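Notes to accompany the following structure.
The values are calculated or read from the model by the stated rules, or taken from the named source; none is laboratory data. Quick caveat, the model's predicted, so the values are computed rather than measured. FYI the Cβ positions are ideal-geometry reconstructions off the backbone, even for glycines, and counts take in every protein chain you see.
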Amino acid sequence: MREPKQDADRETAMGMATFRSLLEQYGAAPDRWPAEWRGPAQALLASTREAHAALRQAAALDGLLDMAPRPDTGADRVARVVAGALADLPARQPVRRPPPFAQRLRRWVDTLAPVWPRTAGLAACTAAGILVGTVTPATGPAPAVTAVTATAGNDLAGALFTPSALESLFQ
């Protein structure tokens, strides 16, 4: 329904299209019209014949509708109609959403649970080996190793695979 127009006198005016829409929605009885629309509708009825003709047509339609038998709106019928409407609807499929990050992380940790003890042992042995290797002072014939590294210069392969270097490892 259109909003009423404001005249220069600040009085509300109603057009025929709005009046017809009012009649279609609420019928011909003015007591069923919204209170804020009754005054402008009565003013329109007082000023035009076209509004009277539209009101007579709406009253005739209201009379025909009042003569029609009322539909059965008992609770049983309403329940049957609702059940039939719900039965016609397609079954709703559940939406699969990915689990939250914490659940995915927990599943991943659970799948790796049998490997954790071995992995932790290997990491501990590796750390211990690195620690022992860096902290333990060099033992054995130091002059032979020093001589080999001094003669090899920057050649690492030559320093490692010279006969004197390999012999010092097994003594």
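Annotation: of all residues in segment 44-64 being of a type in the set (S, T, N, Q) and part of a helix (DSSP H, G or I), the one that is farthest from Y26 (Cα to Cα) is S47. Per the listing R106, R92, the residue uniquely out of contact with any helix residue (DSSP H, G or I) (no Cβ under 6 Å at 6 or more places or on another chain), modelled with pLDDT under 85 and charged (D, E, K, R) is R92.
Give the residues of segment 6-37 that are assigned to a loop (DSSP other than H, G, I, E, B) and either modelled with pLDDT of 90 or more or surrounded by 10 or more Cβ atoms within 10 Å (Cβ to Cβ) (or both), sorted by residue number. Answer for segment 6-37, where residues must be assigned to a loop (DSSP other than H, G, I, E, B) and either modelled with pLDDT of 90 or more or surrounded by 10 or more Cβ atoms within 10 Å (Cβ to Cβ) (or both): E11, M14, G15, G27, A28, A29, W33, P34. Listed by position, the helices (runs of 4 or more DSSP H) inside segment 71-137 whose residues that are surrounded by 10 or more Cβ atoms within 10 Å (Cβ to Cβ) and of a type in the set (A, V, I, L, M) number at least 3 are 75-88, 116-135. T73 - would you say it is of a type in the set (S, T, N, Q) and closer than 30 Å to P30 by Cβ? Spelling it out, T73 is indeed of a type in the set (S, T, N, Q) and closer than 30 Å to P30 by Cβ.
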